[in-house]
Structures are given as structure tokens and as C-alpha cells.
Amino acid sequence: SSAVFANSNDLAHLPKSFSVSGGKAVFVDFTEATYKITYNFTQKKASVRAEISFDAPEAGRPIFDSVQAPTTITLDGSSVTATETKTPSNETTLRVINRMISSGSHKMTIEVPLTELIEFSDSGVKSAFWTSDLDERQFAELYMPANFEFDQVKMTYIVNFIGAKSKQVIYTNGTQSVQRDGVHITYPAHYTSSSIFFHTVPEGAVDEMRFSLTSIDGRTIPAVVYLSKSSWGTPSGPALQRLKDKTSTVFHELESDYGAFLHPQIIVYNAGSGGMEYCGATMTDYSALGHELFHSYFARGVMPANGNTGWLDEALASWRDKGYQSNTDMSGSSRMSAHPYYTRTTDDAAYTFGARFMSYIDGTMTNKGKGGLKPFLREMVAKRSLKPLFVEEFVQAMSGFYEISVEQDFKKYTYDQSAKGFKKSENPIHRKMSIKELRNYL
């Protein structure tokens, strides 16, 4: 039933088709994707074979994305090619298959080399699919064929370690089972290209602490916190205990504010500077842990369907970071909601101007006797979680909840296309790290 609902929501948020040389490029709805991920220790190479079923709502040339150029593509059993193409306003790049298809159901197979964030050694392989919303093409498409963030897909990874001399450990927010053809990892049908946390290391490369948390709805939530083993031999116990304590504190805080935790597990990898969120998981430093776990409610709970919506969850998380400030004064403007149509990145103004805007909404609604912003957010978690939405839907839901239109406030402060951009240095949590930097934390 979740897959059926996801399909309906996907079509409601499907980006518009556009003209390309030789026809029309059409966005499609991935319905199921199996990724066969192979790590070959003899060759010290890795690859991904994606087997994707999709529905095309209209005839045209189907769109997918992969930063790595495919080595082979088959569409409905025939070999095809794809062209790397810019969207109409040059917001982003994607791939368009060089064959027309009819509307309806289709299947494609795409093979790509896996080259990013992977490191072979005598002890095993370290590999991660870490993502970012601050640059385009930094979600799953950085590593394997994927769709845009609007699309909820039932995904399965089948992971093979060929020629491995020692055991590999996989940290991921899916369900693992060892089968004859590899380690199978199944992910919920509501996951998108920004949902999956995947990190594999040789056994013994990290130190971990496992525990459980009791949700307000009675569930037992398994949790793990882990960090790289110190090369200096420093005991990890105190650091892991500190992570466990903070994870527990933030978990109970968030459940008190927004309701039962939305995901079946919690994974915290303590590494890097700043952090990034996934569904019930994060790679983060200690100072950003609360911010990233908040994103399991907004970002990977109430999900953005496009780049112009991504600022909402960062603004809300930053509002929390600043102690849920409340005021009734607001000045300035931004274009957080008004970037070109196919934008895939989050506006950095979310962390500063966006947080101030949320404090303004909170103060305004408090003064009007509506209880501030938190009751609305709890309502959104209860009714709109685990399905992507547009910022316009968020505004509509807020206006309906308060029985007061907030459309003019959003238009004034977040849709100003003439507003100047904000410096990336104002981003205190998601410090932008290059692939080279991220490799240090494998």
C-alpha cells in the first residue's frame, strides 16, 4: 500500500517535460530499483548495475541521472545510449535516453563504475554513499543511476565483495539479509534519492556502541553510534558514551515536540565537520547531532520534492538550533522559494534568514493566539510525513491549520527573485566538504 501511495504522490510532483533535440525529454516515475553493487578486490574496482522499472506518464525520451557515464544501457531489452543534457535554464544537468518511448510501463538496465568515496586496502574496502544538498547532483546520482528527489522508490541493494580476505561491516538504514548472491538490503518504498545511508568498512575499522531507545508509541528503536578507530590507541568508550547520551537526549526532546520517531532505527557516525541527514541516520560531528536528528522529522520525514522546498527543513532545524526564538519583526527578503524551476540545491539563506523567518512566523502566530509554530509542525509530522511536498503545499497547509493566510508573508520574504544571495560562510552546520575531504572520513 505504501508503494501505491508513493506512486500517486510521485506523479503529483513530477517535474515538467521539456524540449530537446529530436523530441521531448520526459521525467518518469521509478517504481522499483535493484542495485547490484560489486566490489572486486582482485581488480580493486567497483561497479553498480541498476535494474529499474518505471512508468512514463507521457511519450518522449526518458530522463534519469548518473554523474558517472554509463558503460551500458538497455531499455526494454534493446541497447540504447543517453546524452548528458542541461535543463532549460541551465539549473542542472541530467541524462536523457536517446530513444522515444510510449507512455506506460518500461524497464531499463544501466551499468556504471563506482569511483567516488571508495578506498581499497589490504584489510578490505571502505565505501560510502554520502550526499549533500549544497551542490547539484550530489544525492544518489553521484554513485549510481537515480531519479530526482521527488521520486519515492522501492529499492534493493545486492552487495557482493568478490575476493575479500576479511569480513565487511555495513552500516545502513535498510534491512540486511545474507543470501546466496550477496548481502541484500531492502529499503522502504517511501525512500528517495536523498534517503539512504550506506557505509561499509572492514571489520575492526570502527568502534561502535549499540543500544535501544523506547519511543512514546511503545516501539523499541535500535540505535548505533560509531566512530573511526583511533590510530593513537585512544580509548573510544568515553566518546561513544557521550554520543549515546546526546542521541538519547535529543531523541526524547524531538519525540516530545513532534511525536513518535518516524523511522525504525537510529544510526550516528561521528565524523567530519558539520553533518548530513538521512532517514533515521546521520554522518555528523558532535555539535551538529541535534540539528541532524531533527532532520529525521523535517527533510527525511516531511520531505522536500524539489530544490526550492529544501530551505524549509534547514530553516526549521536552524530555528531549533537557536533555541526556538520568537519575534514579530522581520526585514529583508530572499529568493529561497524562487530559484529556477529545476533547481536541485538548497539556498544557503535557509540557515540564517530562513531561521529568522520561522521565528517571525512563530511570534506572529503566538500573538494571534494560535499557539506559535510548533503545533503546526507536529500536525505536519502526523499528517504529511514520509511523502515529498512543494513549498506551496506547506504554505497551504499552514494557512489551513491557523485559519489565517500566510501566503503573503512567504511571497514577501522567500519569493523575491531580485534578492541578493547569502554568503556560504553563513552556513554554520552543513559546511561544504569536497569529495577529497569526505574520503578522509571513510
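Quantify how much of the Cα-Cα distance distribution of region 53-166 extends past 22 Å, in percent. Cα-Cα pairs in region 53-166 separated by more than 22 Å: 41 percent.
With contacts taken as Cα pairs under 8 Å and at least 6 residues apart, the chain reaches a relative contact order of 13 percent. With a Cα-only, solvent-free Debye model of region 98-216, what are the log10 I(q)/I(0) values at q = 0.12, 0.16 Å⁻¹? Here the Debye-derived log intensity ratios amount to -0.56, -0.95.
Of all DSSP beta bridges in region 244-322, what percent run antiparallel (nearest 5)? Please list the in-between numbers first.
Working: 4 of 9 bridges.
In region 244-322, approximately 45 percent of DSSP beta bridges are antiparallel ones.
All alpha carbon pair distances within region 1-122 were sorted into 5 Å bins beginning at 0; the resulting P(r) in whole percents reads 2, 10, 19, 20, 18, 14, 8, 5, 3, 1, 0. Within the P(r) computed for region 157-272, what percentage of the Cα pairs occupies the region above 24 Å? Every Cα pair in region 157-272 considered, those over 24 Å come to 36 percent.
With Cβ to Cβ distances under 13 Å as the rule, what net charge do the other residues near Ala25 carry (K, R +1; D, E -1)? Charge balance in the 13 Å sphere: +3.
For region 218-317, taking the reciprocal of the average inverse distance between every pair of different Cα atoms yields a Kirkwood hydrodynamic radius of 14.1 Å. All other residues whose Cβ lies under 9 angstrom from that of Asp151 are scored, Lys and Arg at +1 and Asp and Glu at -1, for a net of -3.
For the chain, the antiparallel share of DSSP beta bridges with both residues in that region comes to about 75%.
The listed residues Ile158, Ile216 rank as Ile216, Ile158 when sorted by accessible area, largest first, using a 1.4 Å probe.
Past the 42 angstrom mark, what percentage of all C-alpha to C-alpha distances in the chain do you count? Considering the chain, 13 percent of its Cα-Cα pairs are separated by more than 42 Å.
Taking a sphere under 13 Å around the Cβ of Tyr171 and counting the other residues whose Cβ falls inside, with K and R at +1 and D and E at -1, yields a net charge of -1.
The figure for Glu392 is an accessible area of roughly 100 square angstrom, using a 1.4 Å probe on the protein chains alone.
Under a model in which nothing but the beta-carbon of Lys, Arg (+1) and Asp, Glu (-1) is charged, the chain shows a dipole of about 560 debye around its Cα centre.
Place a +1 charge on the Cβ of each Lys and Arg in region 71-146 and a -1 charge on the Cβ of each Asp and Glu, then give the dipole magnitude about the Cα centre in debye, rounded to the nearest 20. Spell out each step's value before the answer.
Working: 6 positive and 11 negative charges, 75 e Å.
Here the size comes out at about 360 debye.
When the surface is traced with a 1.4 Å probe over the full set of protein chains, Ser331 keeps roughly 90 Å² accessible. Among the listed pairs Lys107/Lys167; Lys16/Lys107; Lys45/Lys165; Lys126/Lys383, a Cα-Cα separation exceeding 27 Å is found for Lys107/Lys167; Lys126/Lys383. Between Gln176 and Arg210, residue separation times 0.36 nm minus the direct Cα-Cα distance comes to 10.6 nm. Multiplying the residue separation of Ala164 and Leu11 by 0.36 nm and subtracting their alpha-carbon distance yields 50.9 nm.
The values are calculated or read from the model by the stated rules, or taken from the named source; none is laboratory data. These figures come from a predicted structure and were not determined experimentally. With ideal geometry, Cβ positions are generated from the backbone for all residues, glycine too; neighbour counts draw on all protein chains shown. We work out accessible area using only protein heavy atoms, side chains counted, and drop any ligands, DNA or RNA first. Shrake-Rupley method; radii C 1.70, N 1.55, O 1.52, S 1.80 Å.
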